[in-house]
Amino acid sequence: MLVKACLTGLMLLSGQLLNASVTLKGSDTMAALITHVLADIDPDSSLSYEGGGSGTGVAALLSQNQVMAPMSRTLSTEESASLSEKGWKISSHVIALDAIGLWVNFSENPATSLTLSQLKDIYTCKITQWAELGVALDQPVRAIRRGDHSGTTKIFMKLTGIKNFGPCIEVDDTEGISRSTSRYANAIGFSGMSAQTEGNKALAIAKETGSPAYVPNAENVGLLRYPLVRKLRLYNRNLSAAEARFIIDHIYQGDPRPLESQFNLSRALNDPEYINPLLEQHHFFPLCQNNESCAGKLDPH
């Protein structure tokens, strides 16, 4: 939790404030959810959400342009070290589970499932034709990935064992992957479940050849059957009153409202009673499904 006492001091600031507007950066996967929450709890907020990838959220946290970082992965060793060097107190909270979907065209691509090994071969360009996968589609594979700042990319590489992507792979954001897989029969792209549209579909994924393939639905994600599951997190910088004052004066031009709005956003995202009903709307899942605890079974990605 962010230090609640800071808020008391914020409202004691005098009179004439400049209108500081802040564009938050962080996980693209969480963009629609966070934009929804901002509009819901604080429609007149000076905050907007741009996304850009989990890495951009950490960079903005380090530059003090924001005091929170929505991320679809954990902090890297280097990022943790950079934050520790500043002497800041950082806390994290898991908001939801998300599945990384493998999206293909709904009506024109007959593929229904792939294995993790096949995904690795696709994204290292070892496999370049759909026919090599046993799919009745006489076209080359047009594989698309998220960018290097994306937490989705880092988790996908970890879960599939990919060390480096092949030269045939295109790079795009979540919206671009959603658009391409809805438009082109031969396209495949990985992204969070927010990439789902009427024109694409998520493939079932098997851990290995011969094992069952599971689609990324609530039951399979909650019970960890689907092999590409990760946690969505919110990292917060816990501010002292002096640190809050510095940010207001030197980052937000004397205006306390961007900081207060981030506190409000953090509280809303950390409130299960408020946030859980919204998760399904944005294709996410509560931390555990069917009363089965996943705390000890899910790798802390």
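The values are calculated or read from the model by the stated rules, or taken from the named source; none is laboratory data. Small disclaimer: the values here were computed from a predicted structure and weren't measured. Cβ placement follows ideal geometry from the backbone for every residue including glycine, while neighbour counts extend to all protein chains displayed.
Assorted remarks:
One line per residue, one yes/no per condition, for (1) in a strand (DSSP E or B); (2) out of contact with any Phe, Trp or Tyr (no Cβ under 7 Å at 6 or more places or on another chain); (3) over 21 Å from S117 (Cα atoms):
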position	(1), (2), (3)
I155	no, yes, no
I162	no, no, no
C168	no, yes, no
I177	no, no, yes
A185	no, yes, yes
S191	yes, no, no
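- Set T152, T160: member being buried (at least 18 other Cβ atoms within 10 Å of the Cβ), touching a helix residue (DSSP H, G or I) at 6+ places or on another chain (Cβ under 9 Å), at pLDDT below 95 and not assigned by TED's automatic domain parsing to the domain that holds K25: T152
- Taken over the stretch 65-91, the residue count meeting the criterion of being closer than 21 Å to I251 by Cα and either not assigned by TED's automatic domain parsing to the domain that holds A268 or not acidic (D, E) (or both) is 14.
- Any hit, the stretch 257-265, residues being under 19 Å from the mean Cα position of the chain (by Cα), surrounded by 14 or more Cβ atoms within 10 Å (Cβ to Cβ) and of a type outside the set (F, W, Y): yes
- Candidate set: the stretch 193-210, residues that are touching a residue at least 60 places away in the same chain (Cβ under 8 Å) and of a type in the set (S, T, Y); chosen: the one farthest from Q118 (Cα to Cα): S194
- For the stretch 142-167, a residue qualifies if it is free of Cβ contacts under 8 Å to residues at least 12 places away in the same chain and more than 19 Å from K231 (Cα to Cα), and exactly one does: K163.
- Within the stretch 211-245, considering residues that are of a type in the set (S, T, N, Q) and in a strand (DSSP E or B), the one surrounded by the most Cβ atoms within 10 Å (Cβ to Cβ): N236
Yes/no matrix, rows are residues, columns are (1) in contact with an Asp or Glu (Cβ under 8 Å, 6 or more places away or on another chain); (2) not assigned by TED's automatic domain parsing to the domain that holds L159:
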{"position": "H93", "(1), (2)": "no, yes"}
{"position": "W103", "(1), (2)": "no, no"}
{"position": "T112", "(1), (2)": "no, no"}
{"position": "T115", "(1), (2)": "yes, no"}
{"position": "K120", "(1), (2)": "no, no"}
{"position": "T124", "(1), (2)": "no, no"}
{"position": "W130", "(1), (2)": "yes, no"}
{"position": "L133", "(1), (2)": "no, no"}
{"position": "R146", "(1), (2)": "yes, no"}
